[in-house]
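The values are calculated or read from the model by the stated rules, or taken from the named source; none is laboratory data. Only a predicted model underlies this, so the values are computations on that prediction, with no experimental measurement involved. Backbone-built Cβ (ideal geometry, glycine too); neighbour counts: all protein chains shown. To get the accessible areas, we keep the full protein, side chains included, count just its heavy atoms, and leave off ligands, DNA and RNA. Shrake-Rupley method; radii C 1.70, N 1.55, O 1.52, S 1.80 Å.
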Amino acid sequence: MFWKIKTLKNIVRRSTNNNSANNNSDNQEKAEPIPKSINAVKSKLEDIFSECGDLIFREIVCNSKLKLLVVYFDGFVDKRALNQDVMRPILDHFSNEKPQGKSKRISELIKESIVNNNDIKETENIKQAVDNILSGEALLFIDGEDKALIVGVKAPQGRQVEEPDTEVSLRGPREGFVENLLTNITLLRKRIKNPNLKMEMIELGEQTKTDVCICYIKGIANEQIVQEVRDRLKKIKIDAILDSGYIEQFISDSRISLFPTVGNSEKCDKLAGKLLEGRVAIFCDGTPYVITVPHLLIETIQASEDYYDHAFFTTFLRLLRLLALLVSNLLPSLYVAMVAFHPKIIPFKLMITIAASREGIPFSSFTEAILMTVTFEMLREAGVRMPRPIGQSLSIVGAIVLGEAAVAAGIASNLMVIIISITAICSFVVPPLIRATMLLRFIFLAAANFLGFLGIAFLVVAVFIHLCRLRSFGIPYTAPFSPLTAPDLKDSLVTVPIWAMITRPRVLRPESGDAEAGIKRQEVQIKQ
Amino acid sequence: MINRKDKWFLSTAMLAVLCLAVLFLPGCWNNRDLTEINIVTALGIERSEDGKILVTIQVVEPAAIQSTASGKGKGGGAQPKPVFVLSYEGETVFDALRSMLSQVDKRLFLTTAQVLILGERLSKEGIVEVLDFFQRDHEVNYEMDVLIARDVTPAELLEIENDIDPIPAMYIKKTVENTVSRAKVKRTILIDLIKELSKSGRQPVLGQIAKAGKKVVRTEGTAAFKNGKLIGWLDPYATRGFLFATGKVKSTIVNIPADGGKISMEVIRSNGNVDVKLKNGKPVKLIVKVNLEANIGEYEGERKKVSPDYLHKLEKIFGEEIKKEIGRAINLAQKKYSSDIFGFGEQLHKFHPHYWKKVENNWDDVFSNLPAEIIVNAKIRRTGFIKNPIMKER
Amino acid sequence: MNTVLVLIIFAILIFHDLSRFIKQKDPIKVIAIYTFIMSASLVVSLLLAAGRRPPGPAEWIEWMLKMIGVVR
Amino acid sequence: MENVKISGIQLFLLIIGFLFGSTSILTPVASAKNDAWLAVIIGGLGGACLVWMYVAIAVLNPSKTLVEILRNRFGKYLGNAIAILYIWYIVHFSALTFRNFGEFIVTVTYPETPMVVIIGIFAALLVYAVNSGIEVVSRSSELFVPLLFVIIIIISLSLITTHDFTAFLPLLENGIKPVLHAAFEFATFPLGEIFVFLMVFPHFNKKINNLKKIAAFSVIIFILLYLWSIFEYLFVLGKDLLYRANFVPHIIASLIPNSNLEPLIDIYLIIGGGVKISICIYAAAKALSQVFGISDYRKLVTAVTTFSVVLSVWVYENLLEMVEFAQKVWPYYSIPFQIVIPLILLLSSYRAKTD
C-alpha cells in the first residue's frame, strides 16, 4: 500500500511540474475582475481551459442590446434544469419585453426576478468563476457587466443511496453513504435534526481541491478533540485526496502501527451513533467512507446492530467476536507451537490423530502452516480483485486446492486444512482488523516456530504493550479496559440494554474541565 | 517530516528483516515436530539378574492406530502393528532410555506414558532409587498409573496384544481405572506414590497386575511395601478390606451369605478412616471406622419377602462380611508383613507428634502388636426395580 | 563464536543508543554513564563468553556477610 | 513526561503483580515444610510492617522519589552515595529475578535453549515496555494482572479432588526456629522489596492518604492469596515434595487431572515476572538519572537492562547456588536496604515534619 501511494504521489507531482507554467499564469489571472465584454471573457476562459473539449460556451443574443454567455462543463450540469429554469425565463422575458428602466442592472434583474432557480449567486472575479465552473455550476456572463451569475444546476452525480456492500446488517437502516458529499451530509442531517450538528467545510488537495467536512455535535464532542482534528487536517499538504484513506494516513496517531487508530464507516446510522457518543466525523467528497475519530480498539468489535438487539445477544456476539479475533490471530501459531514444542499439552488421543495425519508430510508444521495461510490469503485477494463472474470458478478451485487435493497429495495434513479454514472464517468476523490480523498471524507463526508458547506469549505481551502505547487523538486506545473506566464497561464486552446506558462514553472526555457537560445520555427514570 | 518518514522506513525495514530472520532461523532449539518423536505409551522397569536396570517401552505407531480404528478389514494386506515393544539394559533408568536410541529411530517422548509397570525383582530390592528419574525429568507425566507385575516380567505384559484396544497400555490403564466400580485393586498414580514413599507412618501400596491368559491381563490385588521394598501381596478381598478402611472404595459388589443363598450388595457410597486410640499417652487400640451405603443388586437366596426388618438384619450380616475383609487386611499387615500400610502412624504423627517422636523408630513393632477395633456402619437403602424375588402367587 | 555474537549484540545496542544521544545533543554525562555501564557489561560478558568467569557479586556479598559474621 | 499519573487500581495491580513476580516461580517459605503457612502469616505481618514503613515515608515526603528523599535527609553527597548503593541493590535483584525466570523456563520446558536467549528476549520486551513509560507499564498490568487471579482460582478449583486437608499437621514439628527463619525470608522476599515503589509512588494521582489504603489492601490481598496457595501446595503435594521441588507452582499446574496444561499455565509467570522486573528497571534507571541529574530516564534504560541481563548470567554458576543464595544470604543482604535505611528515613522525616 505504502509504495503504491508513493508512486501515485510521484505521478501527480510530476504532472504538476509539467503544468506549473500554466498554473502560474492562472494564479496571476485569478485575482482579476471579470472583463465587461463577453468576448474578452470568452477568450480569457478559452485561454484558461485550453484543450478542454467538454467546456461549452453558449452565446445568446436576446435582443440587440442584451448578450449573454453561458459557460459550463458538458455533462456536469443538469441541462433540463438549466434550460427550463434559467434559459427559458430569461429568453421569454427579454424577447417579449423591452428592458425596463435602467435603474436595475440586468444581472440583478435576472437574479431577483427572472430565474426560477434558488441557488444563484454573483461573483466579480475570474478566479471564483473558474472554481465554480470546475465544481459543476453554470456561469452566466452578461455583456457589459463586470459581474457573473453562478447558477447551481449541478446534475445529480453518481450512485443512488443504497445498502453498502461492506457493512451489511440484518437489522437497522440500510442507507449507506455515496460518493457525493452533499448527499452524505443530507443523509446525516436527516438523522440528527439539531442545529448543534456542526459542519466545518475545508478544502484539501492542491490539485484536486477536494471538499472535506469536519462534522461533530457541539456540546457532546470534546472541544479539544475537534481542535486537534482541525489542526491535523490543516497540516495536510498533498496534491490529491482521492479517498478518505489519504486523510486517514495523515491524521492517524501512529504511522507504524498495524492497528487502525482512525475508524471509517459507510453506514449513516453507525455514523450518527458515533457522533452522538461524542466522536468527530470527517466527510470527504468522492468517497462513501466517512472517517470517525477517536477510534478505539473496542470499536472494532462493536457493530451498529448491537444497539438494536437484546443485550444478551449482543453480549454473546461481542464475546464471540473477541474469540474469533483471538482465534484468527493465534490458532495456526498455537497449533504449530503445540506440535513442534509442546506435544505434552495435546490430549493423548488427539496426539495420535495428529501424528497419524502428519505422517509422510515432508514439511515441518510451520512450513505447512505458512504455505496454507499464504495460499488462503492469495485466494482471498484474488476473490476481491478479479471480475465478479470468475468468482464462482475461483471458489471451486480454491476449495479443491485448500481442501482435498493438498491432503491427497501429501502436502498438507487434514488437521492443518481444518485449522486454516477455521482461522479464515474467524478472520472475517471482525472486518476492521482483517489487515492487522493477516500480518500478525504470520508474525505469531514465526514466534511460535522460534520459541513455542513462550514466543507467542512474548509477542502477545508485546502487542498488548503496543496497544497500551497507542493513542487515538489523545485517547488511550485500549480504553475502557486500561485505563479502567468503569461506567464505560457497560458498552464493552458485556453490554447492557440501551435504556441502561445512561452516560455517554466517558473516555472521550479525559480532562475534567468539561466533564459533566456532555456526559448524560438520558434522564434516569425514577418513577415508572 | 522527512525525518519521520525515514524513521518509518527504517522501522518497517527492520521489522521485515527481523521477521525474515526468525522465519529462516534453522533448527531452532527444542523445536521437534510431532513426527520426530516416538510416542511412548507404557514403561516397564525390571532389575536384571546382574543388578542392571532393564527398561521396556511400548511405542505406538499412529498411522497404524488410525487405520485399525477407521478402516478395519480394508484390504487383505498385512496390517501394520499398532505398537512395538522394546527393551534395553542400562545402569540407570535414564541411561537405558537414552541408550535405547541405538535401536529406535526417533526420540522417546515420555509424557504420554499411561502406565509404569515395576517388576517383582526390582520391587523387592527397592523402588525408591528408580523413581528419582521420574520426579526429575521434565517430560514425565506425574499422573501415570504405577503397577507391580506379579509372577511375570513387565516386558511380557507390555507385549500382550489383543482386540480390545489397539494400544495395550490404554487397555491396562482402563482396567485399572474401572476399579472405581469393583474396588479390588488400588489405583496409584505416580505423584501419590511419591508422596506415600516420603510420609512417615505410612507404607505405600501399589496395584498388582498379572497375566490372565495369552491375550489378557488381570489387575486385581495389591502389593504391600515396607521401607520402599516389596514385602508381600494382598489378595483381592484383603485389598478390598484395605480400600474400605482407607476410604477409597467408590463402588463394589460384596456377596453375603443369606437365607441359604447369596445376596450381592452393590456398595454405592462409602467412607472410612483409621485412627489410633491413646490412653495415658500410649496407644492402646487401632480403630477403623467405615460408613457405607448399599443397594441390593442381586438376590439368590431362598425366596422371601423383603421387609424393613429383614433389611436391618441383612445390614448386620453385611457389616460383618466387610469387617471380615478389613480384619483380613489388618491381620496381614500386622502379623505377616509388619508394615503400616493403613497410615495409623501418620495419624499419630499428625495429631500426637510428641508421642510419635518416641515410637517413630520402632513403630512397625508397636503397630504389629496393637489390637484393632473395626466399626462398620452399613446401610441398605434401595432394592432396585423390584422389592421381592419371584414368588408363586398364592 | 560466542565472543563474536556478544560483540555483535553490543555493537548494535551501543551504535543504536549512541547515535541517538549524539543526534539529540545530550550532555556528556549521559554518554559517560552509558559508556561506563555498557563497557562494564561488555567486559563481563566477554569474560563469560570466553569461559573465564570472574567471581560474581553473589560471592562478594556472601564473603562480606561472612566477614561481618551474619552468615555462617 | 514527569506528570504521568497512575490510578489507584493500577497501583494495586502493579503491587500484586510485583509481589507475585517471583513467588509464582519459587516458594520462599518452603524451608518451613508443613509450617510454611505459619511462616506466611508471621512473615506477612512482618512484611506488612515493612510496607507500612515505606508508605509512611512516602506520605511524609509527598511527591518525592527515593533518591530525593535520601538527598533531603542525608545531604547531597551521602544521599547520592546511598542512592547508588540502592541502585546496585535494585539492579541486582532485577538480575536475580531474570535469573529465576530463565532457570525456570529452561528447566521446565526448554532444556536445550540457552538461557541467555530467553532472558535476552524477555529483556528486550521489558525495555520496550519501560521505554514507553511507567504509565504504559501500569496500563498493561491492568490488562494482564487480573489473569493471575483467574489462573490461581482455576488451578485451585481443578485440584480440589486431590486435596489432603490434614497435610499441614503436625504443628511446629521442628520447633519454631525454621518457621521464624522462613518468615523472615518471606518478609524480605518479596514483601520488603516493595521499597522499590518509593520510586513509583510519586506518580500516584489521588490524594496521598489513599496510598495507605491501597498499599494495605494490596498487601492483605497478596498475603491471603499466598496463604491460599501455600495451603494448596501443602494439601496437594505434601510437605516433602514442597520442600524438595525446585519449582512448586509448576508441579502444581502439571497435576491438574486429565490434562497437561502446564506449558500454557507457566505463561502466566511472565506476567508477574514482567511487572516485577519492569518496575525494578524503571526504578533503577530513574534513580540513576536523578542522581546524575539527567532529564530523561529513558536514555539509561537499555544500559541498565543490559547490565542486569549480564549480571543475571554472571551471578550464579548453577541453580542450587541461586536457591541457596535466595534462602540464606539474601535476607541478611537485604537488612540494610529494606529495614535499616528506611527506618532512619522514617524517623528523620518524622522529626523534620514535627519540627
Kindly indicate whether any position in region A:355-378 is within 22 Å of D:Ile265 (Cβ to Cβ) and polar (S, T, N, Q).
-> no
Over region B:118-140, the set of residues outside any helix (DSSP H, G or I), surrounded by fewer than 22 Cβ atoms within 10 Å (Cβ to Cβ) and touching a residue at least 40 places away in the same chain (Cβ under 8 Å) is B:Gly126, B:Asp137, B:Val140
Restricting attention to region D:324-355, which residues are open to solvent by less than 40 Å² (accessible area, probe 1.4 Å), of a type in the set (A, V, I, L, M) and more than 7 Å from chain C (Cβ to nearest Cβ)?
-> D:Ala326, D:Ile341, D:Leu345, D:Leu346
Return the pairs, sorted by first residue and then second, in which the second residue is among the hydroxyl-bearing types (Ser, Thr, Tyr) and open to solvent by 20 Å² or more (accessible area, probe 1.4 Å), the first residue lies in region A:338-356 and is within 7 Å of chain B (Cβ to nearest Cβ), the beta carbons are less than 9 Å apart, and the residues are 6+ apart or on different chains.
-> A:Val339/A:Ser364; A:Val339/B:Thr35; A:Ala340/A:Ser364; A:Phe341/D:Thr109; A:Lys344/D:Thr109; A:Ala355/B:Thr35; A:Ala356/B:Ser67
Any residue in region A:415-436 that is surrounded by 22 or more Cβ atoms within 10 Å (Cβ to Cβ), assigned by TED's automatic domain parsing to the domain that holds A:Phe366, among the hydroxyl-bearing types (Ser, Thr, Tyr) and under 30 Å from the mean Cα position of the chain (by Cα)?
-> yes
Filtered residue count, region D:28-82, keeping only those that are farther than 22 Å from D:Ile335 by Cα, among the hydroxyl-bearing types (Ser, Thr, Tyr) and modelled with pLDDT of 90 or more | 1
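Table: residues versus (1) under 22 Å from D:Val67 (Cβ atoms); (2) within 16 Å of the chain's Cα centre (by Cα).
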residue	(1), (2)
D:Ile277	yes, yes
D:Asp296	yes, no
D:Val310	no, no
D:Trp314	no, no
D:Leu319	no, no
D:Pro336	yes, no
D:Leu347	yes, no
D:Arg351	yes, no
What are the residue pairs meeting all of these: first residue in region A:405-426, first residue touching a residue at least 40 places away in the same chain (Cβ under 8 Å), second residue part of a loop (DSSP other than H, G, I, E, B), Cβ atoms under 8 Å, and 6 or more apart or on different chains?
-> A:Gly410/A:Gly360; A:Gly410/A:Ile361; A:Gly410/A:Pro362; A:Ile411/A:Ile361; A:Ile411/A:Pro362; A:Ile411/A:Phe363; A:Ala412/A:Ile361; A:Ser413/A:Ile361
Region D:280-355: helices (runs of 4 or more DSSP H) wholly inside it with 3 or more residues that are hydrophobic (A, V, I, L, M, F, W, C) and within 22 Å of C:Ile14 (Cβ to Cβ) are D:301-314
Do the conditions hold for D:Leu300, that is, is it facing another protein chain (nearest Cβ under 9 Å) and open to solvent by less than 10 Å² (accessible area, probe 1.4 Å)?
-> yes
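With the condition kept exactly as written, say whether any residue in region B:283-299 is touching a residue at least 12 places away in the same chain (Cβ under 8 Å) and aromatic (Phe, Trp, Tyr). Write out each step before concluding.
At the first step, the residues of region B:283-299 found to be touching a residue at least 12 places away in the same chain (Cβ under 8 Å) are B:283-299.
Subsequent filtering for residues that are aromatic (Phe, Trp, Tyr) retains B:299.
Yes: region B:283-299 contains one or more residues that are touching a residue at least 12 places away in the same chain (Cβ under 8 Å) and aromatic (Phe, Trp, Tyr).
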Number of the condition not met by A:Thr292 [criteria: (1) modelled with pLDDT of 90 or more; (2) assigned to a helix (DSSP H, G or I); (3) over 30 Å from B:Gln66 (Cβ atoms)] | (2)
Listed residues B:Thr175, B:Thr219, B:Thr188, B:Thr153; which is closer than 19 Å to B:Ala113 by Cα, within 14 Å of chain D (Cβ to nearest Cβ) and of a type in the set (Ser, Thr, Tyr)?
-> B:Thr188
Apart from one, (1) under 23 Å from D:Pro342 (Cα atoms); (2) crowded, with 24+ Cβ neighbours inside 10 Å; (3) within 14 Å of another protein chain (Cβ to nearest Cβ) all hold for D:Phe12; the odd one out is (2)
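Give the residues of region B:234-270 that are among the aromatic types (Phe, Trp, Tyr) and either touching an Asp or Glu at 6+ places or on another chain (Cβ under 8 Å) or not assigned by TED's automatic domain parsing to the domain that holds B:Lys324 (or both), sorted by residue number.
Looking only at region B:234-270, we keep the residues that are among the aromatic types (Phe, Trp, Tyr), and these are B:237, B:242, B:244.
Scanning region B:234-270 gives B:Tyr237, B:Phe244.
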When you go through (1) within 14 Å of chain D (Cβ to nearest Cβ); (2) open to solvent by 40 Å² or more (accessible area, probe 1.4 Å); (3) within 26 Å of A:Thr314 (Cα to Cα) one by one for A:Thr485, which number turns out not to apply?
-> (2)
Quick one: in region D:90-121, of everything that is open to solvent by 30 Å² or more (accessible area, probe 1.4 Å) and not in a helix (DSSP H, G or I), which residue is nearest to D:Pro336 (Cα to Cα)?
-> D:Pro114
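Given D:Ile252, D:Ile256, D:Ile265, which one is away from chain C (no Cβ under 14 Å), assigned to a loop (DSSP other than H, G, I, E, B), in contact (Cβ under 8 Å) with a residue 40 or more places away in the chain and among the aliphatic types (A, V, I, L, M)? Let's see the steps before the verdict.
Values: D:Ile252 fails: assigned to a loop (DSSP other than H, G, I, E, B); D:Ile265 fails: assigned to a loop (DSSP other than H, G, I, E, B).
Testing whether each residue is away from chain C (no Cβ under 14 Å), assigned to a loop (DSSP other than H, G, I, E, B), in contact (Cβ under 8 Å) with a residue 40 or more places away in the chain and among the aliphatic types (A, V, I, L, M) leaves just D:Ile256.
So, in region D:125-144, how many residues would count as being farther than 19 Å from D:Pro202 by Cβ and crowded, with 24+ Cβ neighbours inside 10 Å?
Of the residues in region D:125-144, the ones farther than 19 Å from D:Pro202 by Cβ are D:125-129, D:131, D:140, D:142-144.
Keeping just the survivors that are crowded, with 24+ Cβ neighbours inside 10 Å gives D:126, D:129, D:140.
Of the residues in that region, 3 qualify.
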Name the one entry in A:Phe453, A:Phe458, A:Phe464 that is among the hydrophobic types (A, V, I, L, M, F, W, C), assigned to a helix (DSSP H, G or I), touching a Phe, Trp or Tyr at 6+ places or on another chain (Cβ under 8 Å) and open to solvent by 50 Å² or more (accessible area, probe 1.4 Å).
-> A:Phe464
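Every residue, every condition in (1) assigned to a helix (DSSP H, G or I); (2) within 21 Å of D:Val200 (Cα to Cα); (3) out of contact with any strand residue (DSSP E or B) (no Cβ under 8 Å at 6 or more places or on another chain), yes or no:
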| site | (1), (2), (3) |
| --- | --- |
| D:Ser22 | yes, yes, yes |
| D:Leu26 | no, no, yes |
| D:Ala32 | yes, no, yes |
| D:Leu38 | yes, no, yes |
| D:Val55 | yes, yes, yes |
| D:Lys64 | no, yes, yes |
| D:Glu68 | yes, yes, yes |
| D:Trp88 | yes, yes, yes |
If A:Phe312 satisfies every condition in (1) part of a helix (DSSP H, G or I); (2) open to solvent by less than 20 Å² (accessible area, probe 1.4 Å); (3) more than 21 Å from A:Pro476 (Cα to Cα); (4) not basic (Lys, Arg) but one, which is the exception?
-> (2)
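Got at least one residue in region C:21-28 being among the acidic types (Asp, Glu) and part of a loop (DSSP other than H, G, I, E, B)?
yes
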B:Met14 versus (1) at pLDDT 65 or above; (2) on the phi > 0 side of the Ramachandran plot; (3) within 14 Å of chain D (Cβ to nearest Cβ): which is the lone unmet condition?
-> (2)
Considering only residues of region C:11-30 that are open to solvent by 40 Å² or more (accessible area, probe 1.4 Å) and at the interface with another protein chain (Cβ under 10 Å from one of its Cβ atoms), which is nearest to D:Val309 (Cα to Cα)?
-> C:Leu13
Residue, nearest to the other protein chains (Cβ to nearest Cβ), within region B:96-117, restricted to residues that are open to solvent by less than 60 Å² (accessible area, probe 1.4 Å) and more than 21 Å from B:Leu157 (Cα to Cα) = B:Lys106
